[in-house]
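Student: Please read through the structure below; I'll follow up with questions.
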Amino acid sequence: MQQKDALDSIFERMLNQSRIFRDREVLQHHYIPNKLPHREEEIHRIVEVIAPALKSYKCSNLFIYGKTGTGKTAAVKYVLERLMNKSRELKAPVRSCYVNCRLAGTEYRVLSSLCSAVDVKVPFTGLATGEIFERLKDGLNSQRSSLLIVLDEIDYLVKECGDTSLYELTRVNESLQGSRVSIIGISNDLRFKELLDPRVLSSLSEEEIVFKPYNAAELRDILQERAKLAFQEGALLEGALNLCAALAAAEHGDARRALDLLRVAGELAEREGANLVTEEHVRLAERRIEHDRVIEAVRNLPLHSKLVLCSAYLLAKVDSSRATTGDIYGIYCELCKEVGLEPLTQRRVSSLLNELDVIGLLSSNVISMGRYGRTRRIRLGVGRSVIKEAFAEDERLKRLIDHVPRCLAASTRRS
């Protein structure tokens, strides 16, 4: 009964009007404000590229690059909303389709989303890719409209599924009558184009925009605009807002990071019944987010990257002194067989190790092997408990990290 009363008091506190928040949704990533500070130039360039769609002209394909939290998705969604409003005003035949390739997960679901945008229904699964493309083309021909396709995190699609679908989309206009398709690709990977086949590159004919990271002053302006809408008057110390901007600027100018810090700091203040969000709440929020962010980063890795990380985890568990590129590749190949995947080449796995090193999940240093040359020693950049927690919801990966590969078991017995 005592526990029930304690829970009821928490519910009651949350149901009452907050002394901290006016509208906490304003601090969420998906919220698109009426004004995007310090992205005016990039927004104008996007508009110039896609505006010809209003006159049924083919737009240039556009690729947008930049680190996480630099406003790429927000700017594109902002422009698309304005474009669609204008097309309704002018009665121009323009349609748009936004797909986050990481959330879609598979090539099939990406293509089915495109079909939905032109009122073509496809089953949840079961069709060949070629059949979906044919249905998409039939739908486009019947609509006789301009379709703007936004593929967010397009690098994920190419890394997981190859670039065949992207190639087909770049060539689809050749078989259309009265309709036009243009692609806007968004990627955090500045080296994305290195993954593409030369034929795809030549078909794209794309323009490019690079979004630079925000500095501390720009982040402060962004937070100040959101804070006016999100917080009750006088509920946020200016020092807390400045600290959020400074911490996020130190981490590659990530606006999402700044918004998360501000939102979580507000939530922590609210939970303790405070009337004011202080610098101490921001410090507490930073520690809370750091742990959650690493776990989220691991969960969102492509499957092959997860298997490479799992290989490093297993080596660290048994014998961290042997964690070289070759050792990790041997275990990775065995794990691929366990889950029924074709292993990538050692060169590609070496590239994945570099990517994991860049984001801090692994750390590596070059060591001399004497007359055998030089090699890289790989170590986990995070605790084993973090990886175990991140893989806990995936039964297949959970089983793998509790498994000792045969090559490791044999070497352990020999030693």
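Student: Evaluate the charge dipole of segment 8-108 about its Cα centre and quote only its size in Debye, nearest 20, assuming +1 on the Cβ of each Lys and Arg and -1 on the Cβ of each Asp and Glu. The partial results should precede the final answer.
Tutor: Details: 18 positive and 11 negative charges, 57 e Å.
About 280 debye.
Student: Continuing with this model, one more query. Given 0.36 nm per residue, what is the gain on full extension from R102 to E131 after removing their alpha carbon distance, in nm? Before the final figure, lay out the partial values.
Tutor: On the way: separation 29, 0.36 × 29 = 10.44 nm, distance 2.28 nm.
This chain segment gains 8.2 nm when fully extended.
Student: Which number do you get for Rg(Cα) / (2.2 N^0.38 Å) in segment 214-271?
Tutor: Details: Rg = 10.5 Å, N = 58, 2.2 N^0.38 = 10.3 Å.
Expressed relative to 2.2 N^0.38 Å, the Cα Rg reads 1.02.
Student: Could you give the nm distance between label points at A92 and T325, where each point is 7 Å from its Cα heading toward the beta carbon?
Tutor: Label at A92, label at T325, 5.0 nm between them.
Student: Using a Gaussian network for the chain with springs between C-alpha atoms less than 10 Å apart, which of these wobbles most: H252, H291, H304?
Tutor: Greatest mean-square fluctuation among the candidates belongs to H291.
Student: For the chain, what is the charge dipole size about the Cα centre, in debye to the nearest 20, if Lys and Arg each add +1 at the Cβ and Asp and Glu each add -1 at the Cβ?
Tutor: On the way: 62 positive and 58 negative charges, 192 e Å.
Once rounded to the nearest 20, the dipole reads 920 debye.
Student: Sticking with this structure for a sec: For the pairs K35/K228; K67/K228; K35/K159; K193/K388; K121/K159; K159/K306, flag any whose C-alpha to C-alpha distance is greater than 23 Å.
Tutor: Values: K35/K228 13 Å; K67/K228 26 Å; K35/K159 34 Å; K193/K388 33 Å; K121/K159 27 Å; K159/K306 13 Å.
The pairs that break the limit, which is 23 Å between Cα atoms, are K67/K228; K35/K159; K193/K388; K121/K159.
Student: Which value, in debye to the nearest 20, describes the size of the charge dipole of segment 79-191 about its Cα centre when Lys and Arg Cβ atoms bear +1, Asp and Glu Cβ atoms bear -1, and nothing else is charged? Numbers along the way, then the final one.
Tutor: Numbers: 15 positive and 15 negative charges, 102 e Å.
For segment 79-191, the charge dipole is close to 480 debye.
Student: For segment 195-234, which GluC sites (Glu not before Pro) are both in a DSSP coil and crowded by at most 15 other Cβ atoms within 10 Å? Intermediate results must be reported in sequence, preceding the final value.
Tutor: On the way: sites: E206, E207, E208, E218, E225, E233; in loops: E206, E233.
Hits after loop and neighbour filter: E233.
Student: D for segment 40-211, whole µm²/s, Stokes-Einstein with Kirkwood Rh over alpha-carbon pairs at 10 °C and 1.306 mPa s: what number? Walk me through the intermediate numbers first.
Tutor: Details: Rh = 16.2 Å.
It diffuses with D of about 98 µm²/s by this estimate.
Student: Same structure again: Give the range of the longest stretch in the chain that excludes all trypsin sites (Lys or Arg not before Pro) found in loop regions by DSSP and having at most 11 other beta-carbon atoms within 10 Å. Can you show the working numbers first?
Tutor: Numbers: sites that count: K35, K91, K121, R191.
The longest such stretch corresponds to 192-415.
Student: To continue, here is another question. Please name whichever of I50, L196, V94 sits farthest to the positive end of the charge dipole of segment 40-211, dipole taken about the Cα centre and charges placed at Cβ: Lys and Arg +1, Asp and Glu -1.
Tutor: Working it through, the farthest residue towards the positive pole turns out to be V94.
Student: What distance in nm separates the two pseudo spin-label positions at L303 and R109, each 7 Å out from Cα along the beta-carbon direction?
Tutor: Those two pseudo-labels are separated by 1.3 nm.
Student: I would also like to ask the following. Based on the alpha-carbon gyration tensor of the chain and its eigenvalue square roots a ≥ b ≥ c, which shape applies: rounded if a/c is under 1.5, prolate if not and a/b is larger than b/c, or oblate? Display every interim value, and only then the final one.
Tutor: Details: a/c = 1.80, a/b = 1.07, b/c = 1.69.
Oblate shape, in that a/c is at least 1.5 and b/c is the bigger or equal ratio.
Student: Now for a different question. Using DSSP to call loops (not H, G, I, E or B), can you name the GluC sites (Glu not before Pro) in segment 270-310 whose Cβ has at most 15 other Cβ atoms within 10 angstrom? Walk me through the numbers on the way to the answer.
Tutor: Numbers: sites: E270, E272, E279, E280, E286, E290, E296; in loops: E272.
Here the sparse-neighbourhood loop sites are E272.
Student: Ok, one more. What distance in nm separates the two pseudo spin-label positions at K337 and A217, each 7 Å out from Cα along the beta-carbon direction?
Tutor: It is 6.0 nm.
Any read-out appearing in this document is the output of simple, stated calculations on the displayed coordinates, not a laboratory observation. Since we're looking at a predicted model, the values are computed, not measured. No Cβ is skipped: glycine too gets one built from the backbone with ideal geometry, and neighbour counts run over all protein chains shown.
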